[in-house]
Each structure stands twice: as C-alpha cells, then as structure tokens.
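The values are calculated or read from the model by the stated rules, or taken from the named source; none is laboratory data. Note that the structure is predicted; figures quoted are calculated from it, not measured. Positions of Cβ are generated from backbone atoms using ideal geometry, with glycine treated the same way; all protein chains shown enter the neighbour counts. When the accessible area is computed, the model is the full protein with side chains, heavy atoms only, and any ligands, DNA or RNA have been set aside. Shrake-Rupley method; radii C 1.70, N 1.55, O 1.52, S 1.80 Å.
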Amino acid sequence: MALVVGRNAGIASEQALREPLADWVQLGDRVTARRPAEDQLASRSPVCPAVVSLRYQLADLLMPRLGFRFGRLSLLLAAGGLGLMGPRAADAQTASFDPNSVLANPAPASPLQTLGQQNTPNEMNVFQPGGAGAANPLPQIFRFGPLQFHPSLDYSFSYGNGLQSGLGNQQSSIIQTVSPGVLLDLGQHWALSYTPSFQFYSSDQFHNTVNQAFALTGGVEYADWKFGLSQTAGYSSSPTVATGTQTDQTSYGTSLSASRALTSKISADFGLNQAIALAPSYDDSYTWSTMDWLSYAFWSRLNAGIGAGGGYVMVQSDSRVRSVGANNQNLDQTYEQLQARVNWRATDKISFQISGGFEDRQFSSAGSSDSLSPIFSGTIQYQPFKDTQISLTAGSSVSSSTLYLAAQQTQLTSVGLNLNQQLFRKFSLGLGATYAETAYSTAVAGGSAAAAAANRTDDIASFNVRLSHPCFKRGTWSIFYQYSDNTSNQRGYTFASNQTGFELGYRF
C-alpha cells in the first residue's frame, strides 16, 4: 500500500500524493524497484565551502520568529511527521521545473533511494543510474557495520531580477544558499536524510530563512507481498507564483504501498496517501487518498493497467475573507479518479510511460457544482547516442487551491523538453524548456466580482541551461541560467525573471 504526505506543488508532487509508491524493496539479495514516471518532490542545491563572502551574519537567521518556526516544526515531527527529500550524489542534469516557484530551480536530485534500489535498475527506463557503486567508486569513509554516513556540503550563488516580493512589486537580489546535509544508509533497505539550507538575500524586501528537508524511505517483503514506506517533511520560504510574494510553507508526506503478483502476468498495487500542507495567512489542507492498480504484463518490456481511487481534502482557512463565501463556509472536497496506464520499453533507446483518465471532484461549500476534469501524465525517454539523453514530459493534475484564496480548485497542465549531453567526457550540458498553464477556478455559481477574480489563469514559459564539471574527486561545480515569463489575467501576478549563478558541491 502506498502513502505519501507532502505539498501539492506541480504535477510531480500531485502525482506523488495520489499514486501508489512505486519503489519496492526486498529483504534478500534480490531487490525489485519500480520508479514512478514522475519525479518526487524537493531537490537541494549542490554545495561547497563558501568562496564568496555571505555579507550576512548567522545571527540574522536566529531571530525569535525563526525560533518559533523551528519549535512548531519539532513539535509536529514529534507528533508523527518525519522525513524530507534528501539528495544523493548525482550527475548534473537539466534542473526540474516547478511552475509555482519564482526562484531558479537548483540542480535536480533523485528521490531518496536505498542502496538496494540504486543497484536495481528499472528495465522500463532508458536512462539507467549507475548504481551506488558506480556513482561513488571512491572508498566509503564513514562506515560502521551496516550503517553508512554520507555528509555533504553545497553552496550556491545567484543573481536574479523580476523576483516577486509582493503583488506588482518585482525586485533584484543576490541569493546565497549554504546547505550542509547528511544521508544515512541503514543497510540495503532503509535510508534517511536531512538537509537544512541557509538562504541569504541581498534585498531587504525578502527575509533570510532556513529551509529544511527530511526523508525516510524503505521497504520489506513478506510472503508474496512487497511493502514500501516513504515519509517526508519540510519547511520552505520563497517567492511563490500563486501568492505573488515570499510565502512560508510547511509540508508533511507519508506513503504506504503494497503489491503482489496474482499470476505470472497479473499483479496488483495498492496505495494509501496522506498530504498535509500548512501556510500561515493562507489555507491549510489535509488530504487522504488511495489509488489502486491492476496490471497485466504482455511481456517483460510492456505492461498496462487500470486504476481507481479517490480522496478527501479537509481545508482549514486562515484567511479572514474568502471570495467563495463566508468564513464559516465548509471548504472541504472529495474526489474520485479512474485512470489507465501503459509502460513500454519500445527499444533499448526509447521508452514510453503514459497514464490518463478523469477526476470527479465535489465541493462541500453551498451552491457549488461538481467538477469533472481530465488528468494525465507521460514521459518519453530517448537516448540516440551513448552520451545524449532527450526526454519529453507532459501532464495535467487537479488540486485544492489553498494559496490563491479566491479560488477553490487549481488545474495545472504542462509540457517540458529536456536535453542532457556529455561533452569531452568531463562536462555535462543540460538544456530545458517548459510551458505550463495554471487555471484557478471556483465551483460556486454566480457572476460576482469575487467569482470573476477566482477565474485566474497563469501561463508560464521557462528556459534553463546548466554546465557542470566534477572536481576534487568528490566535488562538482556548475554554472546556470534560467529565464521565466509568467503572464496572468489578474493584476499583480505577471512577471519576467532572469537568473544566473553558480553552484559548488562536495559529498562523501
């Protein structure tokens, strides 16, 4: 059974919250891992010792307001929240694009994986990871029996314009981030990571912050069943497209999954998902959902399945006024989904992972009607040459609108094209282009000004380029550039941003 708790931010996180956990781990030497087509949340910037003066004192980050945030986070963790997505050492690639983030996205980090998962490639993927041994051939320094510690340090420096500090208020700023992290491998089948990121702005229109990320993942096998667990938690504060200003967000995610083979051709996957998203001065949401699949393997490189699921979203408003109605109006939602999917490794050089269907969402607020929406996700991987990787991704997902308070529902549709090319053996060049449309709407009937404000549409186009090179055996440096252009039909949310910088990272 699969359970995921986290912030609904973009297609990747939305799918991660609603589909069963696809990574399975066995207790024996044989480990079967099936990774979802979508990337999961959260990635961290590469690091290295600071070579540029931070111009800020660490005491700025230890203000009482941040102390309160840490206290609340610790309390929630003690109550059962765990984990954040921690990065593993990976080859530099094109940065993943988050349509809700104003800041340039850092270098991508794979979802937290156990050593067993790393060493068990997915036959459906053309782009295979090298495995734990291949990715880090140097001697493991911090090993204590079955435990392995992987400390890391990342530093990034960037300059950007068009950064939203408020509606219609765009600023230029230097942004420096220092991210010391640690990854703990608990044998072959469990992994835990924690990464705080100290972020400094040169503009006084933004406040310095300490973002945090935790993650725990693992699994076991019992009889014919395979069980998986993923727990994440995180805190971030950054300029956000949905709000048009720097926004504090705390998220928790839990994922439980179970699967078994019913026959030599037929298998079943079950998932339970929980998502908690907290944002002061906005809405808090608590999502519980399930998505269950029945799959048929035509042969080893082609399988298809049909899935059904649903969920309940509890929305607690922290705003004094919502356009959809009075403060005491019930903002909760329920939904049902029916989907089909196909995974096909057509040749050694190309693969297709496609799913799609419909979602029917009901709203508890008075005067609301149901919303029937198409949902889909797809990834095509193509490797024409050994050192060339091309991927095309597309998707559409629906979620509650907890940051843009005028609306009840958010539908995000996007398409992206990425190219990764190895140059002269040591250099890695990544190019990416993405177009996304975010449609906010309310299910409350009527032609009021408030209802008109709820029907907001944002179109964002982004291009990024990154050049990376390994250094000092365990380190990596990168330089990057990203351009983003967001056009909105509501005043104050339109912006254009150019951001460029470099990143340094070192990890064991």
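Mind checking whether some residue in segment 264-286 is more than 25 Å from residue 111 (Cα to Cα), small (Gly, Ala, Ser) and either open to solvent by less than 30 Å² (accessible area, probe 1.4 Å) or at pLDDT 95 or above (or both)?
No, there is no match, as no residue in segment 264-286 is more than 25 Å from residue 111 (Cα to Cα), small (Gly, Ala, Ser) and either open to solvent by less than 30 Å² (accessible area, probe 1.4 Å) or at pLDDT 95 or above (or both).
Name the pairs whose Cβ atoms lie under 9 Å apart, with the first residue in segment 418-445 and basic (Lys, Arg), the second in a strand (DSSP E or B), and 6 or more positions between them or separate chains?
Filtered contacts from segment 418-445: 426/469; 426/470.
May I ask you to list the residues in segment 287-317 that are open to solvent by 60 Å² or more (accessible area, probe 1.4 Å) and without any contact (Cβ under 8 Å) to a residue 60 or more places away in the chain?
If the condition is that a residue be open to solvent by 60 Å² or more (accessible area, probe 1.4 Å) and without any contact (Cβ under 8 Å) to a residue 60 or more places away in the chain, then 288, 294, 296, 298, 299, 306, 312, 316 are the ones that fit.
Any residue in segment 298-321 that is in contact with a Gly (Cβ under 7 Å, 6 or more places away or on another chain) and more than 30 Å from residue 406 (Cα to Cα)?
Checked against the condition, which is being in contact with a Gly (Cβ under 7 Å, 6 or more places away or on another chain) and more than 30 Å from residue 406 (Cα to Cα), segment 298-321 yields no hits at all.
Does at least one position in segment 481-495 carry a residue that is open to solvent by 10 Å² or more (accessible area, probe 1.4 Å), among the small types (Gly, Ala, Ser), on the phi < 0 side of the Ramachandran plot and outside any strand (DSSP E or B)? Break it down stepwise before answering.
Let us first name the residues in segment 481-495 that are open to solvent by 10 Å² or more (accessible area, probe 1.4 Å), namely 481, 483, 485, 487-494.
The next check asks that each one be among the small types (Gly, Ala, Ser); those that pass are 488, 492.
When the remaining residues are screened for being on the phi < 0 side of the Ramachandran plot, the result is 488.
So of that shortlist, the ones also outside any strand (DSSP E or B) come out as none.
Within segment 481-495, not a single residue is open to solvent by 10 Å² or more (accessible area, probe 1.4 Å), among the small types (Gly, Ala, Ser), on the phi < 0 side of the Ramachandran plot and outside any strand (DSSP E or B).
Do any residues in segment 113-127 that are of a type outside the set (S, T, N, Q) have Cβ atoms under 6 Å from those of residues that are at pLDDT 75 or above and not in a loop (DSSP other than H, G, I, E, B), where the two are at least six apart or on different chains, and which pairs are they?
Taking only residues 6 or more apart or on different chains, the pairs are 115/185; 124/343; 124/351; 126/351; 126/381; 126/383; 127/381; 127/389.
Among the residues of segment 476-508, write down those that are closer than 11 Å to residue 104 by Cα, aromatic (Phe, Trp, Tyr) and out of contact with any Leu (no Cβ under 8 Å at 6 or more places or on another chain).
At the first step, the residues of segment 476-508 found to be closer than 11 Å to residue 104 by Cα are 480-484, 497-501.
Checking the rest, the ones that are also aromatic (Phe, Trp, Tyr) come to 480-481, 483.
Scanning segment 476-508 gives 481, 483.
Kindly indicate whether any position in segment 437-458 is among the basic types (Lys, Arg) and under 25 Å from the mean Cα position of the chain (by Cα).
Our first condition is that a residue be among the basic types (Lys, Arg); within segment 437-458, this holds for 456.
With the extra rule that they be under 25 Å from the mean Cα position of the chain (by Cα), the set shrinks to 456.
Checked against the condition, which is being among the basic types (Lys, Arg) and under 25 Å from the mean Cα position of the chain (by Cα), segment 437-458 yields at least one hit.
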